[in-house]
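The values are calculated or read from the model by the stated rules, or taken from the named source; none is laboratory data. Please read all numbers here as calculations on a predicted model, not as lab measurements. Positions of Cβ are generated from backbone atoms using ideal geometry, with glycine treated the same way; all protein chains shown enter the neighbour counts. Surface areas here come from the heavy atoms of the whole protein model, side chains and all, with no ligands, DNA or RNA. Shrake-Rupley method; radii C 1.70, N 1.55, O 1.52, S 1.80 Å.
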Amino acid sequence: GLEGVIRLNSAKHPILALRGKNPVSNDFELSNSCQVLVLTGPNAGGKTVVLKTLGLVALMVRFGIPIPASEGSRVDLFDPILADIGDIQSVTGDISTFSGH
């Protein structure tokens, strides 16, 4: 769809899942009736992983790659997909935004 809906059930960060890390799965939904996602938690608590999961899943859907989420999940096409790149965080190196500085 093109309505801007993201509904992920038991979504896992694709790179962490491929590395065999067994990441924590997350459920979240953004739609016309719920357009804001507020992430809170302690430093190194997984907020960055959730945001990167959303971005990677949006890219995966665009290229027809199956996403690491349970049945009933939906990810519409987004154009453009934007990213903020430049800090020292690394999901593969287990370095969050906070601990990377």
Q.
Restricting to segment 2-43, name every residue that is free of Cβ contacts under 8 Å to residues at least 40 places away in the same chain and farther than 16 Å from Val57 by Cβ.
A. Gly20, Lys21, Asn22, Asn32, Ser33, Cys34, Gln35, Val36, Val38, Thr40, Gly41, Pro42
Q) Is it the case that Pro14 is open to solvent by less than 90 Å² (accessible area, probe 1.4 Å) and modelled with pLDDT under 90? A) no
Q. Would segment 21-31 turn up any residue that is in a helix (DSSP H, G or I) and in contact with a helix residue (DSSP H, G or I) (Cβ under 9 Å, 6 or more places away or on another chain)?
A. no
Q. Within the bounds of segment 30-45, is there any residue that is under 17 Å from Ile81 (Cβ atoms), under 11 Å from the mean Cα position of the chain (by Cα) and open to solvent by 30 Å² or more (accessible area, probe 1.4 Å)?
A. no
Q.
What are the pairs with Cβ atoms under 8 angstrom where one residue, in segment 48-59, is at pLDDT below 90 and the other, located anywhere, is in a helix (DSSP H, G or I) and open to solvent by less than 40 Å² (accessible area, probe 1.4 Å)? Sequence gap at least six, or different chains.
A. Val49/Leu16
Q: Assess whether Ser73 counts as being open to solvent by less than 70 Å² (accessible area, probe 1.4 Å), among the hydroxyl-bearing types (Ser, Thr, Tyr), out of contact with any Asp or Glu (no Cβ under 7 Å at 6 or more places or on another chain) and at pLDDT below 85.
A: no
